[in-house]
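*Asks:* Provided herewith is a single structure, encoded as structure tokens, for subsequent inquiry.
Only the coordinates and a few stated rules stand behind these numbers; no lab work does. In this text the structure is predicted, and so the values were computed from the model without any measurement. Here the Cβ is made from the backbone with ideal geometry for all residues, glycine too, and neighbour counts use every protein chain on show.
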């Protein structure tokens, strides 16, 4: 499966600011390959779960994702043999709940959802109900253009529909999308009065994945949660010599199955409008 080329513009140091080189990059979508994709998927899972990634059996979770090679995809450059720049999958939590990586995730997501009133009324009960909930995991390198993402979601919907026709266990009542957000925080290393005042102000929520802002409009429940292993020291380490640090948060969206395709269509339109 191939996605149309995406033009990426980069500054040419030897020219004026107005002169730009256009680099054509072909992003291609591939089914998972157990012989190739383990390390790339594991690296992206570590990024997705951020400070809490050490709490999970990421190797076991990576294996589970790539073994399910007819659902979801990787996005790569320069052929299938390279590591993934992005990945997307959905896992049936009820079908796999006895397996260690999924049991860990169910316990973790239940616990984290209870810390946010927007999530606590729906997510924990649903995860313990025995209903078939599709856990959607998606991550990409931070400099990936958003244009490559809608084709991945569209392909996955088509694959789910085909799997349901074949009586495979992908007929979900809900989709639980796990993602990340962040907000800026003043460094704990700088205690100037101006920065202390700025730190006390309510920080604006920012999205690592801009399409999440649109997708959450279709969710029956959505909200952030603190990473259990996070802290101000982590935020300081992500300052990159800027005045404000970055504090990451987990983010969940619970979408009813009959609303999911509309949510995917909405993010495709949003990405097209926003670029």
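*Asks:* Stretch residue 77-residue 154 to full length: gain in nm at 0.36 nm per residue minus the Cα-Cα span?
*Replies:* 25.8 nm
*Asks:* Still on this structure, I have one more. Between residue 258 and residue 53, what FRET efficiency comes out of the Förster formula 1/(1 + (r/R0)^6) with R0 = 30 Å and r the beta carbon distance, rounded to 0.05?
*Replies:* 0.40
*Asks:* Between residue 229 and residue 165, what FRET efficiency follows from the Cβ-Cβ distance if R0 is 35 Å, with the result rounded to 0.05?
*Replies:* With R0 = 35 Å, the Cβ-Cβ based efficiency is 0.25.
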